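Notes to accompany the following structure.
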Amino acid sequence: MSAQKVRKKHIPIRTCIVCRQKRDKRQLVRIVRTSVSGVLVDPTGKQNGRGAYLCDQEQCWDQALNSRVLDQALKTELSEEERKTIYKQRPIERAAL
Ligand SMILES: [Zn+2]
């Protein structure tokens, strides 16, 4: 085996679909549209399907779920049930200390 290549750590950048802030992927929460279980929060970020990202600001979650933003990003129509389930899993606001 040849010498190990030193790979530069690649940190993927994603954009919150509401506020459009670009963040390190790990600071965003992925919502995914799956073919089997509908739209859900994907804490692993690895689920197959069309994904959209939301940041940790409560207002972005409010807006995404009370408007068509998330529907449009995922090119689907979210049911009330899905909205409620996703909203319950929003990150607890860690307000600036
Ligand atoms: Zn946001």
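Using a Gaussian network model of the chain whose springs link C-alpha atoms within less than 10 Å, name the residue from Asp56, Asp24, Asp42 with the highest mean-square fluctuation.
Of Asp56, Asp24, Asp42, the most mobile in the Gaussian network model is Asp24.
Among 58-71, 77-90, how do they line up from the highest to the lowest mean number of other beta-carbon atoms within 10 Å?
Going from most to least packed, we get 58-71, 77-90.
For the chain, what is the convex hull volume of the alpha-carbon atoms per residue, in Å³?
Taking the convex hull of the Cα positions in the chain, it is 136 Å³ per residue.
Once label points are set 7 Å from the Cα along Cα→Cβ at both Asp24 and Ser67, what is their separation, rounded to one decimal in nm?
Inter-label distance under the simple model: 2.8 nm.
What number comes out for the charge environment of Ile31, summing +1 per Lys or Arg and -1 per Asp or Glu over other residues with Cβ under 12 Å away?
+3
Modelling each spin label as a point 7 Å along the Cα-to-Cβ direction, I'd like the Thr44/Lys88 distance in nm, to one decimal.
Roughly 2.1 nm, to one decimal.
Determine, from the Cβ-Cβ distance of Asp56 and Lys8 and an R0 of 30 Å, the FRET efficiency 1/(1 + (r/R0)^6), rounded to the nearest 0.05.
On the way: r = 27 Å, r/R0 = 0.88.
E(calc), rounded to 0.05, equals 0.70.
Computed FRET efficiency, Cβ-Cβ of Glu80 and Thr34, R0 25 Å: what is it to the nearest 0.05?
Once the sixth-power term is evaluated, E becomes 0.85.
Here, each number is a calculation from the coordinates, and none is a lab measurement. Values in this document were obtained by computation on a predicted structure and should not be read as measured data. Glycine gets a Cβ as well: all are built from the backbone with ideal geometry, and neighbour counts include every protein chain shown.
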